[in-house]
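Nothing in this text is a laboratory measurement; each read-out follows from the coordinates by a stated rule. If you're wondering where the values come from, they're calculated on a predicted model, not measured in any experiment. FYI the Cβ positions are ideal-geometry reconstructions off the backbone, even for glycines, and counts take in every protein chain you see.
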C-alpha cells in the first residue's frame, strides 16, 4: 500500500484542506489509520474496497464516498484481485459527526440528488443535514 500526498495546507496555501491518494494492490489493506484532529472524506476512485470504521464495515464501489469523523480509527481493505485507489480529503475539525456513506449507484438514480446543469448532470454525493460548525 502506498499513500501519495497531493497537497497539504502549507503547500496549497490553504488554511485547512489536504488531499492524498491510497493505492492498494490486490488483497491488501492500509493498516489502522486515525486522523486525530481531522475529519476526512474518502472517495472510491478506482476499483472497490471496504472500510472498517470502529466495528462497522462499509463496502465502497466506484464513486462512492465515506465521511470519517475526526479521531475515528479506520482501515481500508482491498479484497479484490485488482488494484484499488481511494482519494482522501481531510480538514481540521473541532466537532465529531456521524459516519456517512453515500452510494453513487443509489444517488445517481435519485432526482433529488441530481442537479441538471448546462450540458451535464451533477450528483450531490455528500451534504450535511445539520447546521455547520
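Can you give me the relative contact order of the chain as a percent, contacts being Cα pairs under 8 Å and 6 or more apart?
It rounds to 26 percent for the chain.
When a footprinting reagent is the concern and you count Cβ atoms within 10 Å, what order do 125, 35, 1 take, fewest first?
In order of increasing Cβ crowding within 10 Å: 1, 125, 35.
Evaluate the distance, in nm, between pseudo-label points positioned 7 Å from the Cα of residue 121 and of residue 109 along their respective Cα→Cβ axes.
Computed distance between label sites residue 121 and residue 109 equals 1.2 nm.
Please find the FRET efficiency linking residue 82 to residue 52, where r is the Cβ-Cβ separation and R0 is fixed at 22 Å, and quote it to the nearest 0.05.
Plugging the Cβ-Cβ distance into 1/(1 + (r/R0)^6) gives 0.65.
Calculate the spin-label point distance for residue 36 paired with residue 15, positioning each point 7 Å from the Cα along the beta-carbon direction, and give it in nanometres.
2.3 nm
Measure out, as a whole number of angstrom, how far apart the alpha-carbon centroids of the range 16-32 and the range 33-106 sit.
If we compute the Cα centre of each part, the gap is 10 Å.
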